[in-house]
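Step one of this worksheet: look at the structure below.
The values are calculated or read from the model by the stated rules, or taken from the named source; none is laboratory data. Just so we're clear, the structure is a prediction, and the values are computed from it rather than from any experiment. Glycine gets a Cβ as well: all are built from the backbone with ideal geometry, and neighbour counts include every protein chain shown.
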Amino acid sequence: MPRTKVVLVACGTAVATSTVVANAIEEEMRERGIAVDIRQCKATEVPGLIDDVDLVVSTTPVPPDLDKPVITTLAFLTGIGKAEVLDKIEAALRG
Amino acid sequence: MHDSISRYLDPEAICLGVEATSNRDVIDLLAGRLAALGRVRPSFVGAVLAREASMPTGLPLGGALNVAVPHTDPEHVVKPSLALATLARPVGFGSMDDPDEEIPVGVVMMLALDNKDAQIDMLREVAELIQRPGALAALAAATSPDEIYAVLGA
């Protein structure tokens, strides 16, 4: 049984866009058979929450040099490139 | 299905064919409507403007008609609501994923949220609306709040 992967989902306020993104990732990864623990935060809070995180997905730029994979994407809001981003997230979590 | 969006959107918070010259004009207008309706605190407008300046909310959709979703922290909100403006001519908003890039925006949906878990359905519907082909163009072309609700309910 693989360890549940932790995805930190960030946006500007941690209330609107990251909620949409968190929801979409949880659903899509469940369908792909990947158990994820989703946490939401503001982009500015990412460095303090990064320790046990496997992947950061953000709708807005996050501070540099996090030492963890970061995917910045608006695909879950605009629909543009969503399939590709989901594949990228899956690859990052299976890696 | 966009019942949830319509429920949060008072007709008084719909502004059509707005003549604006900056994103600040639009934010002032919509936040003013929400404040007049008692949906947000007086601090809301300043908080939205500050947030927009540092972390903009423009969403590039790959075409001529882009959308922005200005919003801020829950403590400025009294009752969760939406406000919507269509613009006579696009104004520039920074792109959410690249604040240095400005995109022309023709439809603005202001979000006043106080609880992300309670408002998840509405947020999903906003995202679905943005992704639905033709929906933004139909909103932009609407000449009455009834036509807006017709698009949202489609």
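The table below lists the values:
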quantity: Selection count, region B:36-82, where residues are on the phi < 0 side of the Ramachandran plot, small (Gly, Ala, Ser) and surrounded by fewer than 19 Cβ atoms within 10 Å (Cβ to Cβ); calculated: 8
quantity: B:Ala140 being touching a Ser or Thr at 6+ places or on another chain (Cβ under 7 Å), of a type in the set (Gly, Ala, Ser), buried (at least 17 other Cβ atoms within 10 Å of the Cβ) and on the phi < 0 side of the Ramachandran plot; calculated: yes
quantity: In region B:116-133, the residues that are under 21 Å from A:Cys41 (Cβ atoms), more than 13 Å from the chain's Cα centre (by Cα) and either in a helix (DSSP H, G or I) or at the interface with chain A (Cβ under 9 Å from one of its Cβ atoms) (or both); calculated: B:Lys116, B:Asp117, B:Gln119, B:Ile120, B:Arg124
quantity: Hits in region B:34-91 - residues which are touching a helix residue (DSSP H, G or I) at 6+ places or on another chain (Cβ under 8 Å), among the aliphatic types (A, V, I, L, M) and part of a loop (DSSP other than H, G, I, E, B); calculated: B:Met55, B:Leu61, B:Leu65, B:Val69
quantity: Out of A:Val15, A:Val7, sole residue that is in a loop (DSSP other than H, G, I, E, B) and aliphatic (A, V, I, L, M); calculated: A:Val15
quantity: Boolean, A:Leu49 is crowded, with 19+ Cβ neighbours inside 10 Å, more than 22 Å from B:Met122 (Cβ to Cβ), modelled with pLDDT of 95 or more and more than 13 Å from chain B (Cβ to nearest Cβ); calculated: no
quantity: Count - residues of region B:61-104 that are within 12 Å of another protein chain (Cβ to nearest Cβ), touching a strand residue (DSSP E or B) at 6+ places or on another chain (Cβ under 6 Å) and polar (S, T, N, Q); calculated: 2
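Residue-by-condition table, conditions (1) more than 14 Å from every other protein chain (Cβ to nearest Cβ); (2) charged (D, E, K, R):
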| residue | (1), (2) |
| --- | --- |
| A:Thr4 | yes, no |
| A:Asp37 | yes, yes |
| A:Glu45 | no, yes |
| A:Leu55 | yes, no |
| A:Leu74 | no, no |
